[in-house]
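Single-structure report; data block below.
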Amino acid sequence: MPTPMPTPIILDVDTGYDDAVAMLIAAGHPEIELLGVTTVAGNAPLDVTTDNTLRTLDAAGYTNIPVIAGAHRPLVRELGGSTDAQSQHFRFSKKRAATPGYAVDWLVEMIMASDGEIVLVPLAPLTNIALALYKEPAIVEKVKKVVLMGGAVHGGNMTPTAEFNIWIDPEAARIVWQAGWPITMVGLDVTSRALIPPDDVAQVKALATDRARITGELLDFCVQREVVGWGKPGVQIFDACAVAAVVDPGMLTTHHCFVDVETTGTLTAGMTVCDLEGLTEKPANCHVGLDIDYSRFFRVMMEGLEG
Ligand code: RIB
Ligand code: CA
């Protein structure tokens, strides 16, 4: 069966280890054309997330993929607590500086000049995306769909009710969910069901590409922390799930419903309130991920890292 035309995508990242893995899968997958990567403050300050993004792509041989820096802080709040695991400078070597300019301007220019086929893949706090919507609301009609890593139907990983990407900038997230474009939410309910066991990490490391070698190093770090340290059966590579779902949307079990974001709660700021039962009677604005077929996820991961 002939390979379908590759899907043009833009990643928005706060590189961290899982953003890096997601980028390497996207850069190498035959069904994806990675048009560029915009960076934002989140896991770490903007200079660190931008530097880590450059180091990841350059070490894997992708110096041709533009990297453009964006917002240095959330819309309203101060930049929250980045975790030690995600805020280190990567040690891979970079070969260039970021592309001059501002990510928000670049996003609007790329999207408005496109033929409407771009899939926008935010893997970080949604500050850049919200600012792009304010700069040019018409991007809503020009983006094919948004597939984002963030949120949760149940629970959180920064507070009991909020996932990190949304918790860092709830105001930006609310703007994104209210924009009216097609959204697929790849939240913690999905990513927690796609844990990569050590045996599968070994399969990645057996591949002979630079992408796989770098990914293997990043996954080894996660294995030490999450499997050895916390006794988990595998490692949670949040952002890779969103990229995989662009290639094979059918790997997700989703429910189309209304989603809004809590921005004022003392205990619930950053909560993605998913109206699965339709109780608000508000129109559905999001395909909420509820589950994932791990074998299809891992197959896309290997496709992106091999060959
Ligand atoms: O909660 C997980 C998300 O927060 C991932 O995108 C990770 O990179 C961090 O940004
Ligand atoms: Ca991220």
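The one condition from (1) out of contact with any Asp or Glu (no Cβ under 7 Å at 6 or more places or on another chain); (2) away from ligand 2 (no atom under 15 Å from the Cβ) that Val153 does not meet is (1).
For Asp199, the conditions (1) under 22 Å from Thr254 (Cβ atoms); (2) without any contact (Cβ under 8 Å) to a residue 24 or more places away in the chain all hold with the exception of (1). May I ask you to list pairs of residues, at least six apart or on different chains, whose Cβ atoms are under 8 Å apart, with the first in the range 118-136 being in contact (Cβ under 8 Å) with a residue 24 or more places away in the chain and the second being among the acidic types (Asp, Glu) and surrounded by fewer than 24 Cβ atoms within 10 Å (Cβ to Cβ)? Every condition considered, the pairs that remain are Ala130/Glu171; Lys135/Asp105. Of all residues in the range 282-307, those that are charged (D, E, K, R) have Cβ atoms under 6 Å from Cβ atoms of residues that are at pLDDT 95 or above, 6 or more apart or on another chain, in Lys282/Phe258; Asp291/Arg193; Asp291/Thr253; Asp293/Met251; Arg296/Asp248; Arg296/Met251; Glu303/His29; Glu306/Leu207.
As a summary of the residue check, Gly70 satisfies the conditions (1) over 29 Å from Glu306 (Cα atoms); (2) at pLDDT below 95; (3) within 16 Å of ligand 2 (Cβ to nearest atom); (4) not hydrophobic (A, V, I, L, M, F, W, C) except for the one numbered (2). Looking at the range 17-33, is at least one residue of a type in the set (Phe, Trp, Tyr), touching a strand residue (DSSP E or B) at 6+ places or on another chain (Cβ under 8 Å) and at negative phi? Scanning the range 17-33 turns up no residue that is of a type in the set (Phe, Trp, Tyr), touching a strand residue (DSSP E or B) at 6+ places or on another chain (Cβ under 8 Å) and at negative phi. When Ala97, Ala20, Ala85, Ala44 are checked against the criterion of being assigned to a loop (DSSP other than H, G, I, E, B) and within 14 Å of ligand 1 (Cβ to nearest atom), Ala44 stands alone in meeting it. Applying the selection to the range 156-185, what residues are of a type in the set (Phe, Trp, Tyr) and either on the phi > 0 side of the Ramachandran plot or more than 16 Å from ligand 2 (Cβ to nearest atom) (or both)? Result: Trp177, Trp181.
Residue count for the range 156-165 under the criterion of being more than 12 Å from the chain's Cα centre (by Cα) and crowded, with 24+ Cβ neighbours inside 10 Å: the result is 2.
Checked across the range 46-65, the condition of being polar (S, T, N, Q) and more than 14 Å from ligand 2 (Cβ to nearest atom) holds for at least one residue. Only one of the numbered conditions (1) among the β-branched types (Val, Ile, Thr); (2) under 16 Å from the mean Cα position of the chain (by Cα); (3) modelled with pLDDT under 95 is violated by Thr3, and that is (2).
Restricting attention to the range 200-224, the residues that are touching a helix residue (DSSP H, G or I) at 6+ places or on another chain (Cβ under 8 Å), more than 16 Å from ligand 2 (Cβ to nearest atom) and in a helix (DSSP H, G or I) total 13. Remark: Val153 falls outside the filter, which requires a residue to be under 20 Å from the mean Cα position of the chain (by Cα), within 16 Å of ligand 1 (Cβ to nearest atom), among the β-branched types (Val, Ile, Thr) and crowded, with 24+ Cβ neighbours inside 10 Å.
The values are calculated or read from the model by the stated rules, or taken from the named source; none is laboratory data. Given the structure is predicted, the values throughout are model-derived calculations rather than measurements. Methodologically, a virtual Cβ is constructed for each residue, glycine included, from the backbone with ideal geometry; neighbour enumeration extends over all protein chains shown.
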